[in-house]
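So the structure is just underneath, and the comments pick up after that.
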Amino acid sequence: MKLKARAKINLALNVASRRSDGYHELEMIMLPLDFYDDIDIVFSDEDLVELVEGVIPQENTMTKAIALMKETYHLEQCFKVVATKSIPMEAGLAGGSADAAAVMHGINRLCNLKISDEELAALSVKIGADVPFCVIGKPAVVSGIGEQIEPIDCICDFELLLVKPKQGVSTPQAFKTLDIDACDHPDISLIKEALVSNDYSTIINASKNSLEESALRLVPTIATIKEELLAFGFDFALMSGSGSCVFALTKDKDLIQNAMNAFDYDFMYHTTVAKEAL
Ligand code: C5P
């Protein structure tokens, strides 16, 4: 069975507070992209996760997803997953989380378990805070540590250019160096309303990321990329998640093509918001 493990962006990310367990209360607008890893999952004699190209640590989000599904639903079967990775690591695009979500959906379907997306999402937070959103796979306001998902009905008729510098950002590191009192705090309700009413100018004026400043200190190239993309003519540029990928917005497809030709960044990809889940 073949599935798409879709990347996401955080159109906006507000860190509300630091919790006593070290995690942070967040409010985010998350959008699934038409950019994905390909996940192929079949029954097998033993549990196995392989990449078509490259190597993956012995324990990874996909092995965790298999173990969690087997343990929770008392499954006797084993599964082989072959993943074709396109989403870069340490980018803030939820590549690992998307892979885990796809494996959970794959096992649900292969074994005909008929578990609802909501139940799978609630379970999936055990793998990581971004996995519940990836399980639901729709534009959403996401809160808590990432487990509360409120889907939004929106058009999102803009084009995105993803640009990632060579250096990634470690998520724990970005959270650790964050100054909650000094960082940006986007108004998530305002941006949600702007998405619903397709008010592009409010979207680009109000969207911010609380983690951007701390990530910029770790990887200063993020700031250079943003400046260059804005100077090139994009309407908006912001880091996604804890970085280091930047997304730039425009409604002009030619501008994206020109930017792809003009710049020589480590990773560039033209995409749109996904119109269907998996
Ligand atoms: O849950 P996940 O493993 O994806 O989170 C990676 C790290 O990001 C955590 O160890 C934590 O440092 C940080 N994090 C956080 N608050 C969140 C989500 C992640 O502090 N809501």
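The values are calculated or read from the model by the stated rules, or taken from the named source; none is laboratory data. Model, not experiment: these values are computed from the prediction. When we count neighbours, we look across all protein chains shown, and the Cβ atoms used for this are built from the backbone with ideal geometry, even at glycine.
The strands (runs of 3 or more DSSP E) found entirely in the range 1-68 that carry 2 or more residues being within 15 Å of the chain's Cα centre (by Cα), under 26 Å from Lys138 (Cβ atoms) and away from the ligand (no atom under 16 Å from the Cβ) are 2-18, 24-44.
The criterion of at least 2 residues that are among the aliphatic types (A, V, I, L, M) is met by the following helices (runs of 4 or more DSSP H) wholly inside the range 171-278: 188-196, 200-206, 212-218, 221-232, 253-262. Identify all residues within the range 91-131 that are surrounded by fewer than 19 Cβ atoms within 10 Å (Cβ to Cβ) and closer than 30 Å to Leu218 by Cβ; write none if there are none. Matches in the range 91-131: Val125, Lys126. Taking the range 111-165 as the range and being at positive phi and not in a loop (DSSP other than H, G, I, E, B) as the test, only Gly144 passes.
Of all residues in the range 159-172, those that are of a type in the set (Gly, Ala, Ser) have Cβ atoms under 6 Å from Cβ atoms of residues that are surrounded by 24 or more Cβ atoms within 10 Å (Cβ to Cβ), 6 or more apart or on another chain, in Gly168/Ser244. Just to be sure I understand the filter: pairs with C-beta atoms under 6 Å, separated by 6 or more residues or on different chains, first member in the range 23-40 and closer than 21 Å to Leu190 by Cβ and modelled with pLDDT of 95 or more, second member more than 12 Å from the ligand (Cβ to nearest atom) and not in a strand (DSSP E or B). Which pairs pass? Cβ pairs passing all conditions: Glu27/Ile188; Ile29/Ile191; Leu31/Pro139.
When the range 98-147 is filtered for residues that are within 16 Å of the ligand (Cβ to nearest atom) and among the hydroxyl-bearing types (Ser, Thr, Tyr), the ones remaining, listed by number, are Ser124, Ser143.
Among residues of the range 129-143 that are of a type in the set (S, T, N, Q), those with a Cβ under 6 angstrom from a residue that is within 14 Å of the ligand (Cβ to nearest atom), sequence gap 6+ or separate chain, pair up as Ser143/Glu27.
Filtered by the rule that a residue be out of contact with any Ser or Thr (no Cβ under 8 Å at 6 or more places or on another chain) and either of a type in the set (Lys, Arg) or crowded, with 24+ Cβ neighbours inside 10 Å (or both), the range 8-38 gives Arg18, Arg19, Met30, Leu31, Pro32. Scanning the range 69-90 for residues being closer than 17 Å to Pro57 by Cβ and either among the aliphatic types (A, V, I, L, M) or not in a loop (DSSP other than H, G, I, E, B) (or both) gives a total of 5.
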